[in-house]
Amino acid sequence: MNAFTSHFSYEFRTGLRDRSLLLMNYLFPMAFYVVVSLLMTQLNPTFRPSIIPAMVVFVTLTSLVLGLPNPIVSAREAGVFRSYRINGVPALSSVLVPALSTAVHSVIAALAVTLTAPVFFDAPTPANWGGYVLFLMLTVFVMAGLGALIGVISANTRITILWSQLIFLPSIMIGGLMVPQDALTGALATIGKIFPSSYSVEIYNSLALGTGAGPRAVVSILVLLAGGALAFTLASYLFSWDSQNTTRRGSAWLAILVVAPFVAGTALL
């Protein structure tokens with residue numbers, strides 16, 4: 001436990017001291033939140049109820065899907081994981097601790113959005129705080145799993161950008177953040193449901209706003225739980241200690257299995 005605590009404390013402090021991580025965890029998502037909220041509330045006042053869920057999901061996407069993979073790849077390339085292996089650190093901890101420390105940063109930023117949006121942008125506060133906590137925890141869980149998996153399968157930091165953007169950009173455009181899922185039709189609506197952001201927004205609208213845990217909310221909860229659990233399982237299975245070691249327990253292409261719960265969700269929502 002002492003080793004885990006020390007490892008977590010080191011990773012958490014790195015997220016505050018490293019300029020690139022500080023940018024991804026706090027500066028960029030908070031600046032985006034302020035600018036977009038100011039702009040969207042002027043252009044479309046009906047966006048106010050969407051500020052909290054959209055910007056909270058954006059914060060988690062930025063810190064966990066964009067920001068988390070690079071430190072994992074850098075640690076592997078620098079031989080940090082090799083030293084962990086020599087000292088008996090389990091593979092799961094090598095993935096879990098960076099994900100957990102970054103998740104804490106994303107929760108702090110998400111709470112800042114939640115507490116300031118009603119004050120500065122007249123956004124409605126959650127009617128059911130229990131539902132909000134469930135929404136936040138599931139969102140962080142699945143985004144952390146995806147970020148860890150991207151870091152594990154990426155050969156270098158340039159590749160992490162490619163995989164991260166495949167999740168990040170569509171989530172913003174058709175994943176229920178900038179455009180409500182109900183406003184999308186046809187193929188765009190179906191494709192949008194492949195991304196976890198759409199299920200997070202559905203949970204917020206159903207539970208945090210107090211409309212009730214209907215079938216859509218239950219499906220969304222199950223999809224995010226399955227997606228996050230599968231992402232962490234695959235990340236642990238595909239984890240490689242050393243960038244010089246080209247062998248691993250399975251092909252990196254097994255990571256594509258992580259989309260299975262979300263594809264199944266498109267048939268149920």
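The values are calculated or read from the model by the stated rules, or taken from the named source; none is laboratory data. What you see is a predicted model, and the numbers here were worked out from it, not measured in a lab. Every residue, glycine as well, gets a Cβ built from its backbone with ideal geometry; the counts of neighbours run over all protein chains shown.
Matching residues to (1) free of Cβ contacts under 8 Å to residues at least 60 places away in the same chain; (2) farther than 19 Å from Gly176 by Cβ:
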residue: Ser6; (1), (2): yes, yes
residue: Tyr26; (1), (2): no, yes
residue: Pro29; (1), (2): no, no
residue: Gln42; (1), (2): yes, yes
residue: Pro49; (1), (2): no, no
residue: Pro53; (1), (2): no, no
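Against the conditions (1) assigned to a helix (DSSP H, G or I); (2) surrounded by fewer than 21 Cβ atoms within 10 Å (Cβ to Cβ), Phe141 satisfies every one except (2).
Among the conditions (1) in contact (Cβ under 8 Å) with a residue 40 or more places away in the chain; (2) part of a loop (DSSP other than H, G, I, E, B), Gly212 misses just one, which is (1).
When you scan the range 161-170, do you find a residue that is buried (at least 24 other Cβ atoms within 10 Å of the Cβ) and within 30 Å of Pro118 (Cβ to Cβ), even just one? No; the residues of the range 161-170 include none that is buried (at least 24 other Cβ atoms within 10 Å of the Cβ) and within 30 Å of Pro118 (Cβ to Cβ). Taking the range 68-92 as the range and being assigned to a helix (DSSP H, G or I) and at pLDDT below 80 as the test, the residues that pass are Tyr84, Arg85, Ile86, Ala91, Leu92.
If we keep just the residues of the range 192-222 that are surrounded by fewer than 17 Cβ atoms within 10 Å (Cβ to Cβ) and modelled with pLDDT of 90 or more, which is nearest to the chain's Cα centre (by Cα)? My answer is Leu222.
When the range 180-204 is filtered for residues that are touching a Ser or Thr at 6+ places or on another chain (Cβ under 7 Å), of a type outside the set (A, V, I, L, M, F, W, C) and in a helix (DSSP H, G or I), the ones remaining, listed by number, are Gln181, Thr190, Gly192, Ser197, Tyr199, Ser200, Glu202. Condition first: at pLDDT 95 or above, over 19 Å from the mean Cα position of the chain (by Cα), surrounded by fewer than 24 Cβ atoms within 10 Å (Cβ to Cβ) and farther than 27 Å from Ser240 by Cα. Can you find one or more residues in the range 105-116 that meet it? Yes: one or more hits.
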